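Novice: Before we start, here is the structure in question, set down as structure tokens.
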Ligand code: HXC
């Protein structure tokens with residue numbers, strides 16, 4: 001009996017070594033952890049339950065029958081993050097470069113199915129060279145099985161991808177269909193085809209970092225939602241994100257102890273808006289003063305900075321914040337900002353996370369670059385996302401809410417539940433200068449008349465009261481009471497019951 005037990009331990013030890021000590025050392029020398037080290041760090045200590053440790057590939061081509069390694073390049077299983085169940089898989093770069101074989105795909109599929117059946121988030125950690133080249137179509141079939149499951153799980157359980165090394169070829173599409181992608185600076189990159197293929201096809205010379213490093217994907221392509229300096233920091237930040245998310249679309253939103261009273265007033269908010277309407281201020285200050293203990297997990301912080309999206313909590317319960325950022329392009333809505341916020345709003349709506357929107361927007365960005373780039377459709381994405389969302393929607397207009405952007409930013413007309421405005425709000429078709437130049441075009445050469453008309457327009461329209469007179473604004477509130485008002489509103493809306501007409505699915509302007 002003792003021998004049998006020892007044999008299990010011996011086999012486990014071999015499996016845990018993956019591709020061997022030399023490859024583990026090489027991994028460490030590159031500043032990367034191994035698949036198992038990553039899982040151990042990510043999950044609560046000692047909570048990992050591994051599946052399929054002894055699975056091997058079945059390939060015989062190219063001498064593969066002589067090269068079988070237990071686990072076949074991916075470590076899978078489940079564990080907990082702060083006590084809540086999550087499923088995980090982590091590609092093991094020390095085994096055939098983490099490449100995907102038929103057997104490797106079956107391991108991932110098993111945890112995907114279990115995560116969906118048991119309604120828990122799934123986290124995939126990538127460090128891999130794409131399809132197992134020796135396997136051909138069996139690997140392609142395996143990828144498609146994984147992709148299909150990503151789609152079926154989308155909107156049912158949170159899916160998160162963490163890129164911690166190469167992620168190329170077939171490996172990129174599964175992350176692309178998950179809810180969030182995080183990368184590690186300098187050691188991770190994602191692309192469909194690598195620098196060699198790029199050189200052959202387009203004759204461009206480019207490094208892996210230039211083609212698909214964390215900087216590219218967090219600032220230009222917007223493929224990644226965040227990047228951190230090393231494996232440890234990245235995994236800890238993803239743990240932080242998981243804490244904000246419900247287990248599934250039918251699970252309650254996580255609630256944690258709240259140590260900051262919601263009845264305290266914050267008088268500093270009364271002077272947040274500068275006297276000069278054209279002067280910027282940092283909208284993140286407002287988010288941090290409304291969120292419990294200023295704890296805010298920002299999504300896509302380095303992309304389309306004219307809009308800010310992320311998670312926080314109010315009275316211990318998760319909310320999604322969306323806010324125009326006057327510090328960048330005066331908070332204007334352009335194609336990138338619209339796409340970024342639309343995706344975030346839809347994520348919140350999928351998972352029943354209430355949305356708090358702070359509005360200070362001068363309109364949509366004019367110009368050929370925007371129009372040729374499809375601003376109409378991109379802007380419509382955000383409009384569509386807010387309009388279809390049935391979660392509690394609370395909106396505070398702090399300053400400008402001009403034109404179509406007023407409508408788009410969770411206005412009353414898009415089923416906003418609570419629409420507040422600060423006394424500094426200016427809700428109008430456009431700013432005074434633009435309005436006067438159009439209405440009084442014949443007087444444009446007379447600065448005195450133009451100044452008088454501008455003042456008239458400002459006095460009549462650039463306030464919250466015209467909208468409040470019509471009930472488009474539920475109440476004009478003191479800035480210092482914003483956290484209390486929102487907390488009470490969120491509580492009142494806890495049992496909100498609203499659904500859209502039955503449909504197979506909508507047809508958002510993609
Ligand atoms: C089998 C692979 C492999 C692969 C790497 N390895 N990629 N084995 N299939 N796809 C093995 C290597 O042979 C090597 O084995 C070990 O992994 C480490 O690889 P190195 O090249 O030594 O490492 P490095 O220099 O860090 O380069 C990593 C890499 C490179 C950039 C990922 O290996 C690479 O370019 N691999 C091929 C990428 C690729 O073209 N994949 C196919 C994509 S097509 P030893 O034994 O020496 O340690 C695809 C289509 C699917 O995925 C589409 C579905 C939609």
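Novice: For a quick check of your reading of the model, give me the residue pairs whose first member lies in the range 86-99 and is within 15 Å of residue 142 (Cα to Cα), whose second is within 8 Å of the ligand (Cβ to nearest atom) and outside any strand (DSSP E or B), with beta-carbon atoms closer than 8 Å and at least 6 apart or on different chains.
Specialist: Short answer, once both residue conditions are applied: 91/98; 91/171; 98/129; 99/129; 99/130; 99/132; 99/133; 99/139.
Novice: Being within 10 Å of the ligand (Cβ to nearest atom) and buried (at least 16 other Cβ atoms within 10 Å of the Cβ) is the filter here; which residues of the range 119-139 pass it?
Specialist: 127, 128, 129, 130, 131, 132, 134, 135, 139
Novice: I need the full set of residues from the range 210-237 which are under 12 Å from residue 38 (Cα atoms) and either buried (at least 22 other Cβ atoms within 10 Å of the Cβ) or touching a helix residue (DSSP H, G or I) at 6+ places or on another chain (Cβ under 6 Å) (or both), in order please.
Specialist: 231, 234, 235
Novice: Considering only the range 349-373, state which residues are in a helix (DSSP H, G or I) and crowded, with 24+ Cβ neighbours inside 10 Å.
Specialist: Matches in the range 349-373: none.
Novice: Also, quick follow-up: Just the residues that are touching a residue at least 40 places away in the same chain (Cβ under 8 Å) and either surrounded by fewer than 16 Cβ atoms within 10 Å (Cβ to Cβ) or touching a helix residue (DSSP H, G or I) at 6+ places or on another chain (Cβ under 6 Å) (or both), please, taken from the range 431-461.
Specialist: None - no residue of the range 431-461 is touching a residue at least 40 places away in the same chain (Cβ under 8 Å) and either surrounded by fewer than 16 Cβ atoms within 10 Å (Cβ to Cβ) or touching a helix residue (DSSP H, G or I) at 6+ places or on another chain (Cβ under 6 Å) (or both), so the list stays empty.
Novice: Please go through the range 1-47 and pick out each residue that is assigned to a helix (DSSP H, G or I), closer than 29 Å to residue 121 by Cα and within 14 Å of the ligand (Cβ to nearest atom).
Specialist: If the condition is that a residue be assigned to a helix (DSSP H, G or I), closer than 29 Å to residue 121 by Cα and within 14 Å of the ligand (Cβ to nearest atom), then 24, 27, 28, 35 are the ones that fit.
Novice: If you scan the range 152-208, which residues turn out to be out of contact with any helix residue (DSSP H, G or I) (no Cβ under 7 Å at 6 or more places or on another chain), without any contact (Cβ under 8 Å) to a residue 12 or more places away in the chain and within 15 Å of the ligand (Cβ to nearest atom)?
Specialist: 196, 197, 199, 200, 201 - these are the residues of the range 152-208 that are out of contact with any helix residue (DSSP H, G or I) (no Cβ under 7 Å at 6 or more places or on another chain), without any contact (Cβ under 8 Å) to a residue 12 or more places away in the chain and within 15 Å of the ligand (Cβ to nearest atom).
Novice: State the number of residues belonging to the range 56-81 that are out of contact with any helix residue (DSSP H, G or I) (no Cβ under 6 Å at 6 or more places or on another chain) and modelled with pLDDT of 95 or more.
Specialist: 4
Novice: Have a look at 385, 405, 468 and point out the one that is surrounded by 15 or more Cβ atoms within 10 Å (Cβ to Cβ), part of a helix (DSSP H, G or I) and without any contact (Cβ under 8 Å) to a residue 60 or more places away in the chain.
Specialist: Answer to the check: 468.
Novice: Out of curiosity, is residue 149 within 11 Å of the ligand (Cβ to nearest atom) and either modelled with pLDDT of 95 or more or over 25 Å from residue 234 (Cα atoms) (or both)?
Specialist: Answer is no for this residue.
Novice: Going by the conditions given, is residue 420 surrounded by 14 or more Cβ atoms within 10 Å (Cβ to Cβ), on the phi < 0 side of the Ramachandran plot and at pLDDT 90 or above?
Specialist: It is true that residue 420 is surrounded by 14 or more Cβ atoms within 10 Å (Cβ to Cβ), on the phi < 0 side of the Ramachandran plot and at pLDDT 90 or above.
The values are calculated or read from the model by the stated rules, or taken from the named source; none is laboratory data. Keep in mind that this is a model prediction, so the values were computed, not measured. Neighbour counts are summed over all protein chains in view; Cβ atoms, including those assigned to glycine, are modelled from backbone coordinates with ideal geometry.
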